[in-house]
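Report on one structure; see the data block that follows.
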Amino acid sequence: MVKPFLSERMQGIERTLLRQINDQADSSCINLGLGEPSFPTPKSILNHLKQKVEDWNLGYSPNEGIQKLRKLIAEKSGLEVAADQICVTVGAEEALFTALMVIMNSGDEALIPNPGFPAYESIVKIAGGIAKSYQLYRENNFSLKYEHVKKNITKKTKAIILNSPNNPSGAVYSSEELMKLAKLLEKRSIIAISDEVYRDIYFEERPDSIANYVRNYLVVNSLSKSYSMTGWRLGWCIAPPELSKPLANFHQLAVACAPKISQKVALFALKGFAEKEKMHNIEELRRRRDLAMSCVEKYTDLEYVKPSGTFYMFIDVLSKIPKYGNSLEISLSLLSKEKVVTIPGLAFGKGGEGYLRISFASPPEQIEEGIRRIGHFFGVRPRKLQ
Ligand code: PLP
């Protein structure tokens, strides 16, 4: 008998739709599908690296990360945590993976947002758990409502993943809803996993964190989005004291340590030396958001959800489905006919159906041309805006 090589845990785990769509795009396409800012790594960081790199010992670091960096992350977190509670990881992705591997038992449930970041479901499943979604609704601008989480909580609920500002909608969760939820999580001993990779990218009030209101949390963050440093693979996880050792043990077995060179530059960045460029880029993202919104109004007849954070915008194609097919079919047609990459809402769960996610992290001329092509695809003539 031939034994299958593939583990059961990996069965049904596919490359995400998001990746599949991006893989079909070539360099002639206008890409509004990107999950990263178009800005380069801040110059101050690169200069620091150039000046110092020859003096650095770039061997392994302690598994949990350079102590000074852990201390700095703890100080900057705004939480009452010690350096020992920080594990420096290979991006937020590894932080999520490590966190779920450490807390989930077979059959435990983890609540994930729908629509939400596609990796959550697969990671929960690989960690042996069951991913159950809580809906985020259009009538609330895809923001969190306590009641919609509450009704999905069962005896088996071990954790809930929260992501504010949210990928894909750009929604920011209100402090009021987070506080209500926090009470329930405390009562039911449910761990809050707060994915805060977009927390510094906001256009209104600074997004709150559930970690301000619960004792049991795992905060996940990285330099990827806020510092335009996706490829440096530098993130971290803040864990309660009783979980910090097991977290470091799993992390050691998986990756040994985060890239030391990235830890060295993270120390420089988090000390504040790249703050000016970071803030400048976030202001530029605000301009691009405003441009994207006015282009959708000018070139299309579609509605959109105004993003309060991130660099993503959900545009509503629900009314187009009868004629053009579901969000995946629309996205694929836009790619083949107009050479513009968008991500179908379906890629983020059933709750995203009827929407396309466009990224305004692309350069302004691409944002305008991409949205013009979307309007052209739907046969809409550009409008003059007042
Ligand atoms: N969490 C969310 C919500 C994301 O959108 C992403 C990347 O797109 C990640 C985590 C992973 O980030 P990192 O590059 O730090 O691994």
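Give a residue-ordered list of calculated ³J(HN,Hα) values for the stretch 261-276 (Karplus: 6.51 cos²θ - 1.76 cosθ + 1.60, θ = phi - 60°; whole Hz; x for Gly, Pro).
4, 6, 5, 4, 6, 4, 4, 5, 5, 6, 6, x, 6, 10, 4, 4
When the chain is treated as a GNM, springs tying every alpha-carbon pair under 10 Å, which of Glu75, Glu94, Glu64 comes out with the largest mean-square fluctuation?
Of the options given, Glu75 has the highest mean-square fluctuation.
Scan around Tyr355 for amide H atoms under 5 Å from its own, H built in the peptide plane at 1.01 Å from N, and keep only partners 5 or more places away or cross-chain.
Val317, Gly345, Leu346
Within the stretch 1-91, how many Lys pairs sit with Cα atoms under 27 Å apart, leaving out pairs fewer than 8 places apart on the same chain?
So the count works out to 11.
How far apart, in nanometres, would the label points at Ser106 and Arg381 be if each is projected 7 angstrom from Cα along the Cα-to-Cβ direction?
For the pair Ser106/Arg381, the computed spacing is 6.5 nm.
Which one, Phe97, Leu234, Gly351, projects farthest toward the positive side of the charge dipole computed for the chain from Cβ point charges (K/R +1, D/E -1)?
Going by the charge dipole, the pick is Gly351.
Given H placed 1.01 Å from N in the peptide plane, which residues other than close sequence neighbours of Leu218 have an amide H under 5 Å from its amide H?
Answer set, sorted by chain and number: Ala192, Ile193, Ser194.
Please identify which residues in the stretch 127-151 have an amide N closer than 11 Å to a label point set 7 Å out from the Cα of Glu204, following the Cα→Cβ vector.
141-143
Quick one: Cα centre-to-centre distance for the stretch 203-252 and the stretch 105-158, in angstrom?
18
Does anything in the stretch 307-343 have its amide N under 13 Å from the 7 Å Cα→Cβ label point of Asp26, and if so which residues?
336, 339
Quickly work out the Lys337-to-Lys276 label distance, labels modelled 7 Å from Cα along the C-beta direction, and quote it in nm with one decimal.
Calculated label separation equals 4.9 nm.
In the Gaussian network model of the chain, springs joining C-alpha atoms below 10 Å, which of Leu162, Leu79, Leu32 carries the largest mean-square fluctuation?
Leu79
Straight-line reach from Lys271: which aspartates and glutamates fall under 18 Å, measuring Cα to Cα and dropping same-chain residues less than 8 apart?
Within reach: Glu75, Asp200.
Out of residues 5 or more away from Leu136 or on other chains, whose amide H comes under 5 Å of its own, with H placed 1.01 Å from N in the peptide plane?
Asn114
Report the Cα centroid-to-centroid distance between the stretch 287-338 and the stretch 12-80 in angstrom, as an integer.
Here the answer is 28 Å between Cα centres.
Projected onto the charge dipole of the stretch 244-348 (+1 at Lys/Arg Cβ, -1 at Asp/Glu Cβ, origin at the Cα centre), which of Ile321, Thr342, Gln263 gives the Cα projection farthest towards the positive end?
About the Cα centre, the residue reaching furthest to the positive side is Gln263.
Each reported figure results from applying straightforward, stated rules to the coordinates on display, with no laboratory input. Computed from a predicted model, the values in this text were never measured in an experiment. Cβ coordinates were reconstructed from backbone atoms using ideal geometry, including for glycine residues, and neighbour counts include every protein chain displayed.
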